[in-house]
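Just below is one structure, and these are the notes that go with it.
The values are calculated or read from the model by the stated rules, or taken from the named source; none is laboratory data. Since the structure is predicted, the reported quantities are computational estimates derived from the model, not experimental observations. Here the Cβ positions follow ideal geometry from the backbone for every residue, glycine too, while neighbour counts run over all protein chains shown. In case anyone asks, the SASA skips ligands and DNA or RNA and just uses the protein heavy atoms, side chains included. Shrake-Rupley method; radii C 1.70, N 1.55, O 1.52, S 1.80 Å.
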Amino acid sequence: MKRHYLLPDISQAGRIGCSLPHLDVPSSELPPEELLRQELGLPEVSEVDLVRYFTALSKLNYGVDTGFYPLGSCTMKYNPKWHEDVAKLPGLTALHPYQSEQSVQGALQLMYRLQEYLAEITGMNATSLVPVAGAHGELAGLLMVKAYHQARGDKARKKILLTDSSHGTNPASAAMCGLETGVVASDARGDLDLKSLESMMNEEVAALTLTMPSTLGLFDPKIAEISQLVHERGGLLGGDGANLNALLGQTKFGELGFDYVQLNLHKTFSTPHGGGGPGSGPVCVKENLIDFLPTPLVTEDNGRYSFMSPPKSIGKMADFYGNFGVMVKAYAYLRSLGPEELKRISEDAVLNANYVKEKLKPHYFLPYDRTCMHEVVFSGKKQKAKGVATVDIAKRLLDYGLHPPTVYFPLIVSEALMTEPTETESKETLDNYIAAMIEIAREAAENPEVLRNAPHNTPVRRLDEARAFRQLDLRWEIDHQKK
Ligand SMILES: *Cc1c(COP(=O)(O)O)cnc(C)c1O
């Protein structure tokens, strides 16, 4: 079967896709010759060819709506379409950011309630909805940490401690704030190494930021001791809450001793993501950081809602109020589920990850063999020994019609394969993925060549990913036609 991916393939001289009405005004001269671009060589196609071309292209996309998407640390769950309808209600989309507070009381009420719900869910005292990404929420947290120590006259605290399993945005956010970083090691179980923390936690440390559960998909049972040690030595404890899908309704960051946490509404709370946005990374804080929150917050007084700026606010972080549409979807999600159903999200997310873990354990090396949370990190070490790299396993999954898990992250696991099934997937979907992974492990042992050359039946074969990323080739251009 011949498939047409490039328009020039189907171009035929003289063929047209539309006919224009007869001219009912005087014709005019074409612009001067030097302004006419003959070299454009536009493809000549009929309407039906064009429709089929674009329809074929649209079907090359892979997304959560086409199949399983177990990309670890990304929470690529299915998000109900109904929330999109809610976010599209004309009364919400037609609002203008310069409207008077008086005329947008409904929108303010929604934001106010969302602030309160997120504070409740995280066990914190206040929320700012302004940050527009998880990393942006991290930045808000660190700017507050800096302002907090400065306000107390504690000028020496310029360092942020992170763990060696941290998401790349964690050190990047610290660098954006002009803070130094120190890396605390993980112990053999994958938890934070307390001795290492003990030796590093001095009067220069402004905060420890911890991902809970960690990017290894593990809950650190020593969290109370960690929090105590950090606070005794004058630091703050910051949470990266992008993995909230694991904890929803089970435990609260506030109760675990965190001073602030950022959430990813576009992961946990019903906004589809990937490809760059829009996102929302609210930051929730304890009493000690409320005065520093980014502006504006929504307050309520006798049923009237208005914007306010906290007295020592770190200032504005985004245009206007953040990504309102994402807030609407999060609100719709919370209202439609309610507290009991919220708990089932984390229960099912954790159950699904552990199911995948147990089924794949005989076939892939499991570096931390213990109950995991919402995701499980395997290593392709066994296969690597046979000359099959983890990237080969990932590429081979494409041939099975599946999106690969996250690979080569977290950095402390060699040949990492990080699967996050999420709660929205059925047992049949998980079984299908498990079967493909087992089949691939068998291929790695018996026929490694087929993996090293994968994928075999995708529209494009293996790409130079670094180059594809830097030199995106999204447009049909003349030299393609010459090829
Ligand atoms: C996704 C993620 C982030 C960053 O969130 P963005 O919205 O992509 O900026 C930070 N930390 C962890 C653990 C994450 O999984």
The farthest towards the positive end of the charge dipole of segment 15-114, of the residues Thr93, Asn79, Leu35, given +1 on Cβ of Lys and Arg and -1 on Cβ of Asp and Glu, is Asn79
In terms of the alpha carbon gyration tensor, root eigenvalues a ≥ b ≥ c, rounded if a/c is under 1.5 and otherwise prolate when a/b exceeds b/c or oblate, segment 1-121 is oblate
For the chain the translational diffusion coefficient, Stokes-Einstein from a Kirkwood Rh over Cα pairs at 20 °C and viscosity 1.002 mPa s, in µm²/s, is roughly 85 µm²/s
At the level of C-alpha centres, the distance separating segment 323-374 and segment 410-470, in angstrom, is 21 Å
Once the dipole of the chain is set up from charges on Cβ (+1 Lys and Arg, -1 Asp and Glu), the residue from the list Ala394, Gln471, Gly257 lying farthest towards its positive end is Ala394
Sorted by chain and then number, the residues having a modelled amide H within less than 5 Å of the amide H of Gly17, at least 5 places away or on another chain, are Val45
Toy charge model, Lys and Arg Cβ at +1, Asp and Glu Cβ at -1: the chain dipole around Cα centroid in debye, rounded to 20, equals 640 debye
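Please give the contour-minus-distance gain from Ala435 to Thr66: 0.36 nm per residue of separation, less the Cα-Cα distance, rounded to one decimal in nm.
131.0 nm
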Length gained, Ala224-Lys158, 0.36 nm per residue minus C-alpha separation, equals 21.4 nm
In order over segment 299-307: 3J(HN,Hα) from phi, Karplus 6.51/-1.76/1.60, θ = phi - 60°, whole Hz, x for each Gly or Pro, gives 10, 10, 9, 6, x, 9, 10, 8, 7
Relative to the compact-globule estimate 2.2 N^0.38 Å (N residues), the Cα gyration radius of segment 117-193 stands at a ratio of 1.24
For the chain, longest principal axis from Cα atoms; helix 223-232 axis from its Cα atoms; angle between them, nearest 10 degrees, is 60 degrees
Carbon/sulfur accessible area of segment 234-313, % of total, 1.4 Å probe, equals 48 percent
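Could you tell me which of rounded, prolate or oblate describes segment 81-337, using a ≥ b ≥ c as the square roots of the eigenvalues of the alpha-carbon gyration tensor, with rounded for a/c under 1.5 and, failing that, prolate when a/b is larger than b/c and oblate otherwise?
Details: a/c = 2.12, a/b = 1.59, b/c = 1.34.
Prolate shape, in that a/c is at least 1.5 and a/b is the bigger ratio.
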Expected sort for 337-346, 261-270, 109-118 on mean C-beta neighbours within 10 Å, highest first, is 261-270, 109-118, 337-346
With every protein chain kept in place and a 1.4 Å probe, segment 81-337 has an accessible area per residue in Å² of 40 Å²
Measuring from its Cα centre, segment 81-337 shows a charge dipole (+1 at each Lys and Arg Cβ, -1 at each Asp and Glu Cβ) which, in debye to the nearest 20, is 460 debye
Over the chain, the sum of -39500 (n - 2.57) across DSSP H runs of at least four, divided by residue number and rounded to 500 deg cm²/dmol, gives at 222 nm -11000 deg cm²/dmol
Ranking Gly325, Cys372, Gly153 by how far each Cα lies towards the positive end of the charge dipole of the chain (+1 on Lys and Arg Cβ, -1 on Asp and Glu Cβ), the top one is Cys372
Measuring from the longest principal axis of the C-alpha atoms of the chain, the long axis of helix 390-399 (C-alpha) lies at a number of degrees, nearest 10, equal to 50 degrees
Segment 169-215 and segment 222-275 have their Cα centres apart by a whole-number Å value of 14 Å
